[in-house]
Amino acid sequence: MTKDRRDGEGGYATAEFALTLPAVLAVLALCLALLAGAGVQMRAGDAARAAAREAAVGSGHERVVAVVAQLAGPSARVSVTANGGFVVATVEVPLPVLGEWGDFRARAEAVAVPEG
C-alpha cells in the first residue's frame, strides 16, 4: 500500500496558495485600475479636442461644457482660454478607483485656430 503524501509534507501547497493569492489579486486590481485610467485619459483627450473645435467655431461656453460632458462624463471639468491667437481647451477628469484615494485626474489639452 502506497501513500499519496509523504509524512509531514501535507498542506504546503494550500498554505502557499493562501499566502500568495492576496498579492496576486492586488496586482491584478492595480493593473485593472491602470487600464481604466488609460481609457479615461483617451476620453479626456477626445473631449479636449472637441472642446477646442467647438470654441474655435464660436460656440458658447454652455455648448462646450455639454460636448465635454457627453464625451468625458459629467464629472469632467473644462476650461477654455485664448493664447496668442489660438484657443486652448483643457479637460480634467477624475480617475476611477485611483481618484477615490487621492486627487488623481486625467488631464488633456488641445489647441485650435479660431475661425472667422
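Pairing each residue of the stretch 34-54 that is within 22 Å of P114 (Cβ to Cβ) with any residue that is of a type in the set (D, E, K, R) and in a helix (DSSP H, G or I), provided the two are 6+ apart or on different chains, yields C-beta distances under 9 Å for E54/R63. Is it fair to say V65 is open to solvent by 30 Å² or more (accessible area, probe 1.4 Å) and either within 30 Å of A26 (Cβ to Cβ) or part of a strand (DSSP E or B) (or both)? Considered against the rule, which asks whether it is open to solvent by 30 Å² or more (accessible area, probe 1.4 Å) and either within 30 Å of A26 (Cβ to Cβ) or part of a strand (DSSP E or B) (or both), V65 comes out as no. Residues that are of a type outside the set (A, V, I, L, M) and under 26 Å from G37 (Cα atoms) were ranked within the stretch 51-62; the one that is least open to solvent (accessible area, probe 1.4 Å) is E54. One residue stands out among those in the stretch 87-98 that are among the hydrophobic types (A, V, I, L, M, F, W, C) and closer than 18 Å to D46 by Cα: the one that is surrounded by the most Cβ atoms within 10 Å (Cβ to Cβ), which is V91. Candidates are the residues of the stretch 68-86 that are assigned to a strand (DSSP E or B) and among the aliphatic types (A, V, I, L, M); the one that is surrounded by the fewest Cβ atoms within 10 Å (Cβ to Cβ) is A82.
The values are calculated or read from the model by the stated rules, or taken from the named source; none is laboratory data. Bear in mind the structure is a predicted one, so any value in this text is a computation, not a measurement. FYI the Cβ positions are ideal-geometry reconstructions off the backbone, even for glycines, and counts take in every protein chain you see. With ligands, DNA and RNA removed, areas are computed over all heavy atoms of the protein, side chains included. Shrake-Rupley method; radii C 1.70, N 1.55, O 1.52, S 1.80 Å.
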